[in-house]
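Notes for the one structure printed next.
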Amino acid sequence: MVVVEQTERELVEACRHGEPDAFRALFERYKDKVYSVALRYSGDPAIAQDISQDTFLKLFSVIGSFRGESGFESWLYRLVVNCCFDQKRGARRLMPLLDEFLGALRTPERNVLDKVLQSERSAQVGSVVASLPPEQRIVIVLRYTQGLSYEEIAGILGCSTGTIGSRLNRAHRVIARRLAHVAGAGRRKA
């Protein structure tokens, strides 16, 4: 792990000195993570592509200000989160399925009807998550799609772990309340 961090530091330092190959290497290393956050936040591949592009353009212009006080990956997550918040295109979109929320809702896929019902539930979950305020939606995305800890999310968003816990708790309550009818239907069927 030390070798990876050292290589990362070397890449960042080379970027700060204007070496295009170093920036390309950072891009290749992190493009999928940046795109994943953007896609989970926006729910739209085209918008996620725009957010990713904006993130890397911003990274290119501000990499000189990276002081190394936090890990580079956390700093990059902060850039993508800011680009997600800055994104102003269109109405809220459905987000892709969040497996953690559907665990209680899933039924064994026995036939085509079951698959259709599961797809409908997935769309309902995505719609509820997409309707959350941006501060709650981004903690859901970072926690459940990126697997980040409360501490990592707090560092990225510049707030306390208590604030992260509070935002997740509020988001969970909203999701549970709005999906109570779906969970009830899933239990009756099972």
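Flag: G165 matches the condition of being in a helix (DSSP H, G or I), in contact (Cβ under 8 Å) with a residue 12 or more places away in the chain and surrounded by fewer than 15 Cβ atoms within 10 Å (Cβ to Cβ). Scanning the stretch 139-162 for residues that are surrounded by fewer than 16 Cβ atoms within 10 Å (Cβ to Cβ) and of a type in the set (G, A, S) returns G147, S149, G158, S160, G162. Would you check which residues across the stretch 40-55 are within 14 Å of I138 (Cα to Cα) and surrounded by fewer than 22 Cβ atoms within 10 Å (Cβ to Cβ) and list them? Hit for the stretch 40-55 is G43, nothing else.
Read-outs throughout are calculated quantities, based only on the coordinates presented, and are distinct from any laboratory measurement. All values derive from a computational prediction rather than experimental measurement. Quick reminder, even Gly has a Cβ in these numbers, built from the backbone with ideal geometry, and neighbours come from all protein chains shown.
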